[in-house]
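Reviewing the structure listed below.
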């Protein structure tokens, strides 16, 4: 399933690949989130646009599925160019590892196409992050996420950092301070597991 609806938002699922193996991820649960988001193959830009057109207009378009959307950065940008004609906000929900994936700073490339980005922080330091999220990039993923978030604050209208509520209150407070220092919004996501 390439697109799915939650409320009046259209979510766009473009990959099942991810650079994390988070133990709390909904992809690990057979029930998932109520949608069959496992893709047989990654859709082309034309297939994504066709799925969006079939779904109709929504209040917001969100690149989010079972995988890390920024693994398909060129497809996000090409699709976002098309989506701009609808005049609705476009958001990416990401683990924040795009700079590591592409080996360059990518926030500036999103400017003008992406209106909001939600970055999963989930921990206050690299060791805790790696214990919880098990990044392919190891402990260094955390510092790159922070750097990416700072760049996003410079180039994008709305940046939110989030944590899942299965971490301690102390950790949540530390993460909230990190987001505040960066200049990003902060959100606690409910763990469904």
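Since every read-out is calculated from the coordinates, none of them should be taken as a lab result. All values derive from a computational prediction rather than experimental measurement. All Cβ positions, even for glycine, are placed from backbone atoms using ideal geometry, and neighbour counts span all protein chains on display.
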Residue within region 47-61 that is outside any loop (DSSP other than H, G, I, E, B), within 30 Å of residue 126 (Cβ to Cβ) and under 14 Å from the mean Cα position of the chain (by Cα) present: no
Taking region 99-123 and keeping residues surrounded by fewer than 21 Cβ atoms within 10 Å (Cβ to Cβ), touching a strand residue (DSSP E or B) at 6+ places or on another chain (Cβ under 9 Å) and in a loop (DSSP other than H, G, I, E, B) leaves 113, 115
Condition check: without any contact (Cβ under 8 Å) to a residue 60 or more places away in the chain, surrounded by fewer than 15 Cβ atoms within 10 Å (Cβ to Cβ) and in contact with a strand residue (DSSP E or B) (Cβ under 7 Å, 6 or more places away or on another chain). Does residue 59 satisfy that? yes
Some residue of region 163-175 being out of contact with any helix residue (DSSP H, G or I) (no Cβ under 7 Å at 6 or more places or on another chain) and in a strand (DSSP E or B): yes
